[in-house]
Amino acid sequence: MLESVTASHKVPTKLVKKSTSQTKYWKPYQTRWNLISLLTLVVAFLENLLVPAQELVNNVTYRWFLVAYFAYLTIVYVAGAVVHGKVRLYSGHFAQLNASIGILLVIQDLLTEKYANIQQPFFVSFAQILDQMKTDHALLLASTWSSLGLWLVSFVIGTIIGIALGLFMGRYRQFNYWAFPYLKVIGIIPAATWMPLTMVIFPTSYLAEIFLIAFSVWFPVAFMTIGGVQSISKDYFESAKTLGFSESQILKKVVIPGALPNIFIGIFTAMGLSFTMLVISEMIGAKVGLGWYINWAKGVGNYTQVYAAIVIMAILFSVIFSLLNKFQEYALRWREKTN
Amino acid sequence: MVQLAVENVDRVLDDNNGQKINVLEDINLNVGSGEFISIIGPSGCGKTTLLRLISGLDTPEKGRVEVDGNVIDQPDVSRGYVFQHGSLFPWETIKDNISSGLKATNGRNYDKKLVDHYIELMGLKGFENAYPHQVSGGMAQRAALARSIVLNPELLLLDEPMGALDAFTRADVQDVIQRVWKQTKTTMILVTHDIDEAIYLGTRIVVMTPRPGRIKEIVDNPLEFPRKRTSDEFLQFRRQIQDKLNF
Ligand SMILES: Nc1ncnc2c1ncn2[C@@H]1O[C@H](COP(=O)(O)OP(=O)(O)O)[C@@H](O)[C@H]1O
Ligand SMILES: [Mg+2]
């Protein structure tokens with residue numbers, strides 16, 4: 001056995017991670033702002049309680065929401081005051097934002113249910129929306145599940161097709177020559193254009209919806225994947241060859257990871273388009289889902305229900321976005337952080 | 001490998017204006033088992049081009065490159081290649097990079113002990129799970145070296161692996177290469193534009209001249225091991241090579 005190099009690098013200094021929470025939560029911790037944000041919630045509660053309403057609204061859910069929000073912030077702030085580190089950074093960073101939310105809650109409540117300054121019934125108070133969500137929770141939950149399932153299936157199908165086509169077009173000239181011109185012409189057509197046809201072509205509306213959403217996804221993914229493959233340095237392919245990689249190993253170990261940063265750009269672009277297509281296709285073709293719920297609520301003239309569905313979508317799509325973002329961070333952890 | 005033979009090789013490439021230029025002209029070189037060949041010459045004289053022909057990444061327009069009588073026309077694991085810029089896979093950890101060739105050729109049952117051995121030998125312990133951008137340039141080059149040497153090649157081609165390193169790190173990596181060469185008896189061909197490096201490591205020095213790239217002279221290195229960069233013999237031989245490079 002050979003003896004080791006006399007390298008003095010015993011401690012992996014460069015591996016000591018610069019705290020990411022430090023750069024992410026950059027606003028300094030100030031007790032003042034923590035207290036102000038709690039105060040705005042107290043004001044919101046008292047305002048809702050004391051200012052007489054113009055119309056009949058059940059405010060119980062809203063008040064419970066305020067109490068829960070207040071309790072959550074208190075816990076976070078107390079934890080931040082006691083424990084140092086990430087919790088403290090987090091609790092300090094968002095204090096000002098929380099204060100702004102409290103103020104906005106007061107303003108919207110006054111403008112809608114208290115003084116009806118803005119036109120009813122098209123604008124409703126957050127209290128009404130929450131009450132509606134509570135009354136309608138079974139149907140809303142079912143609609144949310146249905147939308148989520150439809151989106152997930154379609155998005156995964158579209159992404160897989162997009163990545164596969166992109167990898168082949170990026171890697172193989174022959175395939176690129178024959179497929180790219182046709183796929184480009186087809187892919188550039190907005191998915192919604194196919195709606196009238198899919199309604200009659202597909203045996204069920206569910207299949208038609210899957211097709212439409214997947215269609216909105218595959219093209220941006222494929223397009224970015226091609227660019228990703230073509231941007232991979234020739235050195236990596238040549239290294240792979242001198243290391244004895246077979247073609248399938250090159251695909252798995254060089255082409256896919258090398259194109260991954262671009263693939264994610266495609267996936268995030270496609271995500272926005274897929275949400276659009278999900279709602280549109282549910283509004284037009286479906287008997288279930290949040291898009292259908294909105295359309296049905298509009299039909300019966302209940303705009304509070306429309307808002308309820310919008311709020312749920314905002315939450316649902318934000319969660320999907322954050323999860324994808326986390327997944328991207330993990331999958332691309334080998335990249336040098338730029339900040 | 002018993003014998004590498006480069007015979008009457010020309011490499012003709014298109015320049016930016018579509019003109020044909022002879023990057024290499026009439027290259028002849030025979031390398032026997034266990035030798036350490038240093039190829040030295042100014043930038044742009046065709047050193048990389050020649051190394052690529054030997055590896056099989058490119059094929060010559062004229063002439064032949066053979067190992068033991070077999071024409072080389074594609075890369076092979078028996079000929080390791082350490083690229084000028086290392087080219088570790090940035091998406092794999094140091095350890096995964098070093099084992100990548102073994103995994104590719106032997107599947108899951110590759111020799112993990114061998115990988116650990118070279119991680120230890122190359123001074124990379126503690127950095128197994130680091131990604132290439134997290135380690136220093138010297139470490140990255142040692143890892144690239146380990147990735148090739150772990151495959152036990154008959155011939156190892158080194159394209160200025162120390163080119164981007166500072167003087168201290170460079171001497172460190174040179175010693176690693178020399179130690180590996182002595183212990184494994186792998187035939188090595190090193191491309192460099194550093195005269196000291198060529199002399200310190202090579203058993204023979206190939207001096208190249210540019211436009212067109214030709215071999216001017218092949219000089220036997222008379223220096224015994226262990227070599228000292230500051231000894232009189234070293235400096236004298238260095239002057240001799242320096243004179244051949246001034247044209
Ligand atoms: N693919 C190529 N096409 C055209 N000219 C090239 C190509 N590769 C290298 N050359 C030219 O060949 C010459 C030798 O290049 P190279 O072998 O990289 O030199 P060295 O490694 O000695 O610095 C240079 O003048 C370079 O411009
Ligand atoms: Mg070169």
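The values are calculated or read from the model by the stated rules, or taken from the named source; none is laboratory data. Computed from a predicted structure; not experimentally measured. Because the Cβ atoms are built from the backbone with ideal geometry, glycine has one as well, and the counts that use them run over all protein chains shown.
From A:PRO203, A:PRO220, grab the single residue that is free of Cβ contacts under 8 Å to residues at least 24 places away in the same chain and not small (Gly, Ala, Ser).
Numbers: A:PRO220 fails: free of Cβ contacts under 8 Å to residues at least 24 places away in the same chain.
Criteria check complete, one pass: A:PRO203.
Quick check on the stretch A:308-328. Is at least one of its residues within 13 Å of chain B (Cβ to nearest Cβ) and in a helix (DSSP H, G or I)?
no
From the list A:ALA127, A:ALA99, exactly one residue is in contact with an Asp or Glu (Cβ under 7 Å, 6 or more places away or on another chain), of a type in the set (Gly, Ala, Ser) and outside the structural domain of A:ILE315 (by TED's automatic domain parsing). Which is it?
Values: A:ALA99 fails: in contact with an Asp or Glu (Cβ under 7 Å, 6 or more places away or on another chain).
Every option except A:ALA127 fails the conditions.
Name the single residue, out of those in the stretch B:40-51 being near ligand 2 (Cβ under 10 Å from one of its atoms) and of a type in the set (Val, Ile, Thr), that is nearest to B:ILE21 (Cα to Cα). Let's see the steps before the verdict.
Residues of the stretch B:40-51 that are near ligand 2 (Cβ under 10 Å from one of its atoms), as a first pass: B:41, B:43-51.
Going one step further and asking which of them are of a type in the set (Val, Ile, Thr), we end up with B:48-49.
On the way: B:THR48: 16, B:THR49: 13 Å.
This residue is B:THR49.
Please determine whether any residue of the stretch B:203-212 is buried (at least 21 other Cβ atoms within 10 Å of the Cβ), within 16 Å of ligand 2 (Cβ to nearest atom), more than 14 Å from every other protein chain (Cβ to nearest Cβ) and β-branched (Val, Ile, Thr). Write out each step before concluding.
So in the stretch B:203-212, the residues buried (at least 21 other Cβ atoms within 10 Å of the Cβ) come out as B:205-208.
Narrowing the set further to residues that are within 16 Å of ligand 2 (Cβ to nearest atom) leaves B:206-208.
Keeping just the survivors that are more than 14 Å from every other protein chain (Cβ to nearest Cβ) gives B:206-208.
Filter once more, so that each one left must be β-branched (Val, Ile, Thr): B:206-207.
The answer is yes, given that some residue of the stretch B:203-212 is buried (at least 21 other Cβ atoms within 10 Å of the Cβ), within 16 Å of ligand 2 (Cβ to nearest atom), more than 14 Å from every other protein chain (Cβ to nearest Cβ) and β-branched (Val, Ile, Thr).
Could you check B:ALA144 against (1) under 18 Å from the mean Cα position of the chain (by Cα); (2) more than 16 Å from ligand 2 (Cβ to nearest atom); (3) part of a helix (DSSP H, G or I) and say which number it fails?
Condition not satisfied by B:ALA144: (2).
I'm told B:LEU50 meets every condition in (1) touching a helix residue (DSSP H, G or I) at 6+ places or on another chain (Cβ under 9 Å); (2) more than 14 Å from chain A (Cβ to nearest Cβ); (3) modelled with pLDDT of 95 or more; (4) crowded, with 21+ Cβ neighbours inside 10 Å except one. Can you identify the failing condition by its number?
Of the numbered conditions (1) touching a helix residue (DSSP H, G or I) at 6+ places or on another chain (Cβ under 9 Å); (2) more than 14 Å from chain A (Cβ to nearest Cβ); (3) modelled with pLDDT of 95 or more; (4) crowded, with 21+ Cβ neighbours inside 10 Å, the odd one out for B:LEU50 is (1).
Just checking, how many residues over the stretch B:58-93 are among the aliphatic types (A, V, I, L, M) and within 13 Å of ligand 2 (Cβ to nearest atom)?
The first filter runs over the stretch B:58-93 and keeps only residues among the aliphatic types (A, V, I, L, M), leaving B:65, B:67, B:71-72, B:77, B:82, B:88.
Subsequent filtering for residues that are within 13 Å of ligand 2 (Cβ to nearest atom) retains B:82.
Of the residues in the stretch B:58-93, 1 are among the aliphatic types (A, V, I, L, M) and within 13 Å of ligand 2 (Cβ to nearest atom).
What is the one condition in (1) within 14 Å of another protein chain (Cβ to nearest Cβ); (2) outside any helix (DSSP H, G or I) that A:LYS287 does not satisfy?
(1)
Restricting the search to the stretch B:93-120, which residues are facing chain A (nearest Cβ under 7 Å) and within 16 Å of A:TRP334 (Cβ to Cβ)?
Initial filter on the stretch B:93-120 (facing chain A (nearest Cβ under 7 Å)): B:100-101, B:104-105, B:117, B:120.
Across the stretch B:93-120, the qualifying residue is only B:SER100.
Can you run down the residue pairs with Cβ atoms below 8 Å, 6 or more apart or on separate chains, where the first is in the stretch B:58-84 and more than 19 Å from B:GLY34 (Cβ to Cβ) and more than 14 Å from chain A (Cβ to nearest Cβ) and the partner is within 16 Å of ligand 2 (Cβ to nearest atom) and assigned to a strand (DSSP E or B)?
From residues that are more than 19 Å from B:GLY34 (Cβ to Cβ) and more than 14 Å from chain A (Cβ to nearest Cβ), the pairs are B:PRO60/B:ARG11; B:PRO60/B:LEU24; B:GLU61/B:ARG11; B:GLY63/B:ILE27.
Please find, among A:PHE215, A:PHE168, the residue that is modelled with pLDDT of 95 or more and either within 14 Å of another protein chain (Cβ to nearest Cβ) or within 24 Å of the chain's Cα centre (by Cα) (or both). Let's see the steps before the verdict.
On the way: A:PHE168 fails: either within 14 Å of another protein chain (Cβ to nearest Cβ) or within 24 Å of the chain's Cα centre (by Cα) (or both).
Just a single option satisfies the conditions, and that option is A:PHE215.
Looking at A:GLY266, is it surrounded by 17 or more Cβ atoms within 10 Å (Cβ to Cβ), more than 28 Å from B:LEU157 (Cα to Cα) and in contact with a Ser or Thr (Cβ under 8 Å, 6 or more places away or on another chain)? Walk me through how you get there before you give the answer.
Working: surrounded by 17 or more Cβ atoms within 10 Å (Cβ to Cβ): yes; more than 28 Å from B:LEU157 (Cα to Cα): yes; in contact with a Ser or Thr (Cβ under 8 Å, 6 or more places away or on another chain): yes.
Here the answer is yes, as A:GLY266 does meet what is asked.
Give B:GLY123, B:GLY163, B:GLY138 a once-over and let me know the one that is among the small types (Gly, Ala, Ser), touching a Ser or Thr at 6+ places or on another chain (Cβ under 9 Å) and away from chain A (no Cβ under 11 Å).
Values: B:GLY123 fails: away from chain A (no Cβ under 11 Å); B:GLY138 fails: away from chain A (no Cβ under 11 Å).
Testing whether each residue is among the small types (Gly, Ala, Ser), touching a Ser or Thr at 6+ places or on another chain (Cβ under 9 Å) and away from chain A (no Cβ under 11 Å) leaves just B:GLY163.
Condition test on A:GLY301, is it loosely packed, with under 15 Cβ neighbours inside 10 Å and either in contact with a Phe, Trp or Tyr (Cβ under 7 Å, 6 or more places away or on another chain) or modelled with pLDDT under 95 (or both)? Break it down into steps so the answer makes sense when it comes.
Numbers: loosely packed, with under 15 Cβ neighbours inside 10 Å: yes; either in contact with a Phe, Trp or Tyr (Cβ under 7 Å, 6 or more places away or on another chain) or modelled with pLDDT under 95 (or both): yes.
Considered against the rule, which asks whether it is loosely packed, with under 15 Cβ neighbours inside 10 Å and either in contact with a Phe, Trp or Tyr (Cβ under 7 Å, 6 or more places away or on another chain) or modelled with pLDDT under 95 (or both), A:GLY301 comes out as yes.
For the stretch B:1-15, indicate whether the set of residues that are surrounded by fewer than 21 Cβ atoms within 10 Å (Cβ to Cβ), farther than 16 Å from B:LEU157 by Cβ and within 16 Å of ligand 2 (Cβ to nearest atom) is non-empty.
yes
Would you call B:ARG179 of a type in the set (D, E, K, R), surrounded by fewer than 17 Cβ atoms within 10 Å (Cβ to Cβ) and assigned to a helix (DSSP H, G or I)? Give the derivation first.
Numbers: of a type in the set (D, E, K, R): yes; surrounded by fewer than 17 Cβ atoms within 10 Å (Cβ to Cβ): yes; assigned to a helix (DSSP H, G or I): yes.
Considered against the rule, which asks whether it is of a type in the set (D, E, K, R), surrounded by fewer than 17 Cβ atoms within 10 Å (Cβ to Cβ) and assigned to a helix (DSSP H, G or I), B:ARG179 comes out as yes.
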